[in-house]
Amino acid sequence: MSTILVVDDEQGIREVLQDVLADEGHRVIPVEDGFRALEVLETGGVDLVVLDVWLPNMGGIDVLKRIRERWPEVEVVVISGHANINMAVQAVKIGAFDFLEKPLSLEKTITVVENALKMEALKRENRTLKQSIQSEDEMIGSGEGMGKVRELIEQSADSEARILILGENGTGKELVAREIHRRSRRAQAPFVEVNCASIPETLIESELFGHEKGAFTDAHAQRKGKFELANGGTLFLDEIADMSLNTQAKVLRVLQEMKFERIGGEKSIHVDVRVIAATNRNIREEIRSGRFREDLYFRINVIPIFVPPLRDRIEDLPDLIDYFMGRFKRSAGGPEKSFSEQSMRLLGTYPWPGNIRELKNFIERINIMTEEKVISADSVRRYLTSRSDWDKGEALKGFESMKLNEAKDEFEREFLVKKLEENERNITRTSRALGITPSHLHNKIKKHGIEIKK
Ligand SMILES: Nc1ncnc2c1ncn2[C@@H]1O[C@H](COP(=O)(O)OP(=O)(O)OP(=O)(O)O)[C@@H](O)[C@H]1O
Ligand SMILES: [Mg+2]
């Protein structure tokens with residue numbers, strides 16, 4: 001159901017529109033002049049305005065102008081008499097969706113109103129999509145680690161300097177690269193990404209430099225390479241350490257001269273491209289072992305930016321969790337969920353080997369998998385990906401230096417305390433859960449000196 005504001009000084013027209021549009025399932029608010037219309041709009045919730053152009057006091061065109069300025073998302077359909085049809089045309093020029101001519105044809109009225117409502121819904125959808133794309137790019141983290149990264153971005157974005165972004169899998173290297181581009185003078189030009197690890201060795205040159213028609217068997221048409229596509233903008237060479245030595249040599253040449261030929265082509269192509277590279281490998285180690293050219297390293301590593309792993313900036317975890325929970329909720333709906341204090345503590349001890357990408361996936365998974373509104377530590381354990389290793393380590397923490405008997409005793413004590421808590425310290429129920437008799441449980445409680453006051 002949509003809410004339609006009808007503005008007309010003729011009572012007859014207001015009544016007709018009210019009947020027709022209510023029959024179509026809409027809520028109609030009839031008012032007789034422009035001032036009243038603006039008051040109603042101010043209270044919000046109006047999807048469409050049907051507006052007479054010829055109004056007493058404030059004229060329809062003025063009302064329309066105000067609506068366009070203040071509520072750009074609200075569509076307006078104007079009504080005009082035959083005598084003032086040129087005003088209707090003017091109204092469409094300044095942003096009315098369409099106009100209706102008096103005397104009103106029912107059919108036409110319904111069609112135009114439905115179309116305007118459709119347009120309004122599309123605009124709204126478009127806006128939410130845009131917002132979700134924008135928030136995709138947000139860089140969360142106000143701790144010292146990300147602070148340094150931000151500072152480097154700030155200092156280097158506006159320069160033309162080449163940048164090498166280093167960091168483990170999923171730490172946000174690509175996000176940093178995009179942020180640099182966005183803040184650079186090249187922001188309006190393309191950001192082109194090449195993932196050097198995912199392209200087979202035989203295709204990478206064609207991918208980077210393009211080819212002429214007939215350059216090789218499958219080259220049925222001319223194709224531009226990424227260097228050309230990025231002209232004027234930024235080329236992001238991701239996983240650069242995964243490039244073969246042969247390709248490295250060619251890329252080095254382009255970076256020195258900023259010109260190249262398409263495969264099978266003669267013509268030399270000049271480009272103006274800023275290169276940002278990234279790798280999760282230890283690049284010095286790659287150089288030492290002869291897998292990466294040192295001269296290329298110097299070419300790309302004018303400004304290095306190291307993105308620290310999540311476990312070294314765990315202070316950012318609460319903000320990141322908030323952010324991803326919010327995003328999940330926005331895209332999937334459902335009730336507001338949160339983590340219990342205990343599960344937050346637990347998440348803080350997890351080493352996050354997959355970094356932010358793992359955290360993001362985890363939040364999505366746990367939101368889908370659990371019904372709990374306050375997510376418990378048990379669920380957290382269950383839905384963390386690589387928890388097995390960590391759980392083992394976690395379970396053995398504190399036991400490492402003990403003799404077997406000590407460790408068994410200690411474990412028994414902790415286990416009893418946990419089970420007693422779970423069963424609200426009820427002896428009968430706890431013993432049943434443990435599979436021992438109540439008197440056996442009493443003995444063990446005494447032996448371990450566990451207090452069972454409620
Ligand atoms: N600081 C951050 N704030 C919000 N989201 C982030 C942040 N860092 C990374 N992300 C998100 O985490 C995911 C992984 O980030 P990204 O792809 O940039 O990592 P990467 O370092 O390039 O990973 P890989 O080495 O695996 O290619 C992306 O969805 C990204 O939007
Ligand atoms: Mg990446």
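Read the figures in this text as sums done on the coordinates, not as results from a lab. On a predicted model such as this, the values are computed, not experimentally measured, just so you know. No Cβ is skipped: glycine too gets one built from the backbone with ideal geometry, and neighbour counts run over all protein chains shown.
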Q.
Please go through (1) within 16 Å of ligand 1 (Cβ to nearest atom); (2) under 30 Å from R253 (Cα atoms) for E294 and return the number of the only condition it doesn't satisfy.
A. (1)
Q. Regarding G145, is this residue touching a helix residue (DSSP H, G or I) at 6+ places or on another chain (Cβ under 7 Å) and near ligand 1 (Cβ under 9 Å from one of its atoms)?
A. no
Q. Hey, which of the strands (runs of 3 or more DSSP E) in region 199-291, taking only ones fully inside, have at least 1 residues that are more than 17 Å from I163 (Cα to Cα) and more than 16 Å from ligand 1 (Cβ to nearest atom)?
A. 259-261, 268-270
Q: Within region 268-293, count every residue that is away from ligand 2 (no atom under 16 Å from the Cβ), among the polar types (S, T, N, Q) and under 33 Å from the mean Cα position of the chain (by Cα).
A: 1
Q.
Show the residue pairs meeting these rules: Cβ distance below 6 Å; 6+ apart or different chains; first residue within region 184-199 and without any contact (Cβ under 8 Å) to a residue 40 or more places away in the chain; second residue surrounded by 14 or more Cβ atoms within 10 Å (Cβ to Cβ).
A. I199/E207
(Q) If a residue must be over 14 Å from K102 (Cα atoms), surrounded by fewer than 19 Cβ atoms within 10 Å (Cβ to Cβ) and not β-branched (V, I, T), how many such residues does region 12-25 contain? (A) 7
Q: Would you list the helices (runs of 4 or more DSSP H) that sit entirely within region 69-169 and hold 1 or more residues that are touching a strand residue (DSSP E or B) at 6+ places or on another chain (Cβ under 6 Å), in contact (Cβ under 8 Å) with a residue 24 or more places away in the chain and farther than 30 Å from R274 by Cβ?
A: 85-93, 106-136
Q. For residues in region 161-197 being more than 16 Å from I283 (Cβ to Cβ) and of a type in the set (D, E, K, R), which is farthest from ligand 1 (Cβ to nearest atom)?
A. R185
Q | Candidate set from region 181-198 (those that are of a type in the set (K, R) and part of a loop (DSSP other than H, G, I, E, B)); member that is surrounded by the most Cβ atoms within 10 Å (Cβ to Cβ) | A | R186
Q. From the set of residues in region 333-378 that are in contact (Cβ under 8 Å) with a residue 40 or more places away in the chain and at positive phi, which is farthest from the chain's Cα centre (by Cα)?
A. W352
